[in-house]
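Below you'll find the structure, written out as structure tokens, and then a few comments.
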Amino acid sequence: MTQGQWARLCSEQPQSQRPSRYGAGIAIAGRHITDVHPVEQVDWHLAARVLHQHGMALPSEAMWEYACRGGRTTPWSPGQHPEDLHGHANVLDAASSRAVAEWGRGEAFDDGHIVHAPVGSFAPNAFGLYDMHGNVFEWCADVYGPCGAEPRTDGDRVNRGGSFDNPAAMARCSDRSNTPPDGRDGSLGLRAARPLRRR
């Protein structure tokens, strides 16, 4: 979800319209952040509530992974190896590692961005979905816990996809992360899902 889309969804909640750490109007390493960059720093509760008000929801973890894989069984939707993400994802790369040493060592390629990139800047997966790997982590509806365990109703929430400050290993289709539901981070955003309804 872009910063502009989020601002429109929150038009009746002005205090929630512009939460992003890397918000529209600032420049980082000579690149200007605009309304087409992903929204971030939205907690799980607010994301779920705002999406519900507009007939949408956060995807379940299973839905998110199915969408990310795009019908493939490889670790990343474009291929078997981290370098296959070049041109497909904004992850921690060589330029980011040089710019922000505390993020650690990144991939050998340079995706052209230190922080998040405009949504849709990289090639989509086979389902036509953009930014499933990297850019910003995305909230899922699920409570974090061991795969296959009894569902829980409280605790940290799942987030998937990796981000601009993580290496490719954290952006694998199967990689899982967790954050408290009231957590906000400049590398954590959201993707909306709309339930299908029969007529």
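The values are calculated or read from the model by the stated rules, or taken from the named source; none is laboratory data. The model shown is predicted, which means the values in this text are computed figures rather than measured ones. Cβ atoms come from the backbone with ideal geometry, glycine included; neighbour counts cover every protein chain shown. For accessibility, only protein heavy atoms count, side chains too; no ligands or nucleic acids. Shrake-Rupley method; radii C 1.70, N 1.55, O 1.52, S 1.80 Å.
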> Between a first residue in the range 2-31 that is basic (K, R) and a second residue that is open to solvent by less than 20 Å² (accessible area, probe 1.4 Å), which pairs have beta carbons less than 6 Å apart while being 6 or more apart in sequence or on different chains?
Replying inline: R21/G186
>> If G186 satisfies all but one of (1) more than 11 Å from the chain's Cα centre (by Cα); (2) assigned to a loop (DSSP other than H, G, I, E, B); (3) among the small types (G, A, S); (4) under 22 Å from R105 (Cβ atoms), what's the number of the condition it fails?
In response: (1)
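Select from the range 132-177 the residues that are of a type in the set (D, E, K, R), within 26 Å of S97 (Cβ to Cβ) and without any contact (Cβ under 8 Å) to a residue 60 or more places away in the chain and list them in ascending order. I'd like the intermediate steps shown before the answer.
Taking the range 132-177 first, the residues of a type in the set (D, E, K, R) are 138, 142, 150, 152, 154, 156-157, 160, 165, 172, 175-176.
Checking which are within 26 Å of S97 (Cβ to Cβ) leaves us with 138, 160, 165, 172, 175-176.
Of everything in the range 132-177, just one residue is of a type in the set (D, E, K, R), within 26 Å of S97 (Cβ to Cβ) and without any contact (Cβ under 8 Å) to a residue 60 or more places away in the chain, namely D175.
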> Among the residues of the range 35-66 satisfying the criterion of being of a type in the set (V, I, T) and under 20 Å from F164 (Cβ atoms), which is nearest to the chain's Cα centre (by Cα)?
Replying inline: V39
>> Which count do you get for residues in the range 62-99 that are out of contact with any Phe, Trp or Tyr (no Cβ under 9 Å at 6 or more places or on another chain) and charged (D, E, K, R)?
In response: 3
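Specify which of the listed residues (G161, G148) is on the phi > 0 side of the Ramachandran plot and surrounded by fewer than 12 Cβ atoms within 10 Å (Cβ to Cβ). Reasoning before the result, please.
Details: G161 fails: surrounded by fewer than 12 Cβ atoms within 10 Å (Cβ to Cβ).
Selected residue: G148, the only one of G161, G148 that is on the phi > 0 side of the Ramachandran plot and surrounded by fewer than 12 Cβ atoms within 10 Å (Cβ to Cβ).
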>> If a residue must be open to solvent by 60 Å² or more (accessible area, probe 1.4 Å) and in a loop (DSSP other than H, G, I, E, B), how many such residues does the range 164-179 contain?
In response: 1
> Right, R199: open to solvent by 10 Å² or more (accessible area, probe 1.4 Å), part of a loop (DSSP other than H, G, I, E, B) and at pLDDT 95 or above or not?
Replying inline: no
>> Can you say whether S11 is hydroxyl-bearing (S, T, Y) and open to solvent by 30 Å² or more (accessible area, probe 1.4 Å), as far as the supplied structure shows?
In response: yes
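Can you tell me which residues in the range 128-138 are more than 18 Å from A169 (Cα to Cα) and either of a type in the set (A, V, I, L, M, F, W, C) or in a strand (DSSP E or B) (or both)? Spell out the reasoning first.
Filtering the range 128-138 down to residues more than 18 Å from A169 (Cα to Cα) leaves 128-130.
L129 - this is the single residue of the range 128-138 that is more than 18 Å from A169 (Cα to Cα) and either of a type in the set (A, V, I, L, M, F, W, C) or in a strand (DSSP E or B) (or both).
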> Which one is least open to solvent (accessible area, probe 1.4 Å) among residues in the range 67-91 that are within 15 Å of the chain's Cα centre (by Cα) and farther than 18 Å from N166 by Cβ?
Replying inline: A67
>> Which of the numbered conditions does R31 fail, given that it passes all the others? Conditions: (1) modelled with pLDDT of 95 or more; (2) open to solvent by 70 Å² or more (accessible area, probe 1.4 Å).
In response: (1)
